[in-house]
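Reviewing the structure listed below.
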Amino acid sequence: MLYTRKGDGGTSGLFGTKERFPKNSPVYEALGTLDELNSLLGVCRARTSGQANKALDVSKEVMKVQESLFIVQAELAGAEKHLLKTHVDALEHTIETIENLIENPHAFVIPGATELSALFDYVRAVCRRAERALVAASAQRPVSSPTKAYLNRLSSLLYVLARYAAIQAGTKESSPAY
């Protein structure tokens with residue numbers, strides 16, 4: 001059965017406690033935003049499926065991130081799961097790999113050069129919201145330093161993936177004219 005009816009009154013439980021919490025608590029805001037982030041990454045991964053090249057398999061890199069986000073959610077929910085510094089190091093290595101494949105615009109970029117680059121920019125914005133929500137929720141449910149660092153780095157990865165998507169499509173991105 002996919003429903004329990006326990007949440008009908010506006011509360012829900014977390015791992016490791018019998019206590020129920022309001023569904024509008026910062027913890028559930030963070031968990032929901034992380035879920036949204038992971039779902040949007042799934043859209044990006046579906047759009048990149050079969051587009052691997054020798055330099056980078058974007059679909060594979062996005063899948064790694066999705067797996068890590070499940071660990072972040074489990075940690076926030078109270079499970080004995082945590083991201084490690086090696087997760088952050090791997091993310092930084094991927095960012096550096098992609099940075100070597102693109103020319104950093106050194107300016108703000110107007111999203112939408114391609115559908116995929118726009119999606120990655122959108123996911124980046126959701127990632128930043130998820131990071132803010134996680135920091136707010138960590139007052140109630142502490143999370144590890146590597147988890148906080150991972151979400152911070154993830155927005156950088158999504159930025160370079162957006163730029164990479166535009167370059168792979170042969171599209172020039174624009175900066176705001178101000």
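Readers should treat all values here as calculations from the given coordinates under stated rules, not as data from a laboratory. Just so we're clear, the structure is a prediction, and the values are computed from it rather than from any experiment. Neighbour counts run over all protein chains shown; Cβ positions are idealised from the backbone, glycine included.
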- Item | Helix 58-77 axis, angle to the chain major axis (alpha carbon atoms, nearest 10°) | 20 degrees
- Message: Treating only the Cβ of Lys, Arg, Asp and Glu as charged (+1, +1, -1, -1), what charge dipole size does the chain show about its Cα centre? Round to the nearest 20 debye.
- Response: 460 debye
- Message: Within a 10 angstrom radius of the beta carbon, how do 57, 8 rank from fewest other beta carbons to most?
- Response: 8, 57
- Convert each backbone phi in the stretch 31-48 into a coupling constant with the Karplus relation 6.51 cos²θ - 1.76 cosθ + 1.60 (shift: θ = phi - 60°), then list the ³J(HN,Hα) values in order as whole Hz, x for Gly and Pro. 4, x, 5, 5, 5, 4, 4, 5, 5, 5, 4, x, 5, 4, 4, 4, 6, 9
- Please give the peptides 110-123, 148-161 ranked by average Cβ packing (other Cβ atoms within 10 Å per residue), highest first, as a rough proxy for protection. 148-161, 110-123
- Mind checking the angle between helix 145-168 and the chain's longest principal axis? C-alpha axes, 0 to 90 degrees, to the nearest 10. 30 degrees
- Expressed in Å to one decimal, the Kirkwood Rh of the chain from all distinct alpha-carbon pairs is 17.3 Å
- Positive end of the charge dipole of the chain (Lys, Arg +1 and Asp, Glu -1 on Cβ, about the Cα centre): tell me which of 139, 155, 102 has its Cα farthest that way. 139
- Karplus-derived 3J(HN,Hα) from phi for the stretch 93-100 (6.51 cos²θ - 1.76 cosθ + 1.60, θ = phi - 60°), whole Hz, x at Gly and Pro, runs 4, 5, 4, 5, 4, 5, 4, 6
- Under the helix-only model (-39500 (n - 2.57) for each DSSP H run of 4 or more, divided by the residues of the chain), the mean residue ellipticity at 222 nm, to 500 deg cm²/dmol, is -20500 deg cm²/dmol
- Could you state the number of Å between the C-alpha centres of the stretch 135-178 and the stretch 1-33? 28 Å
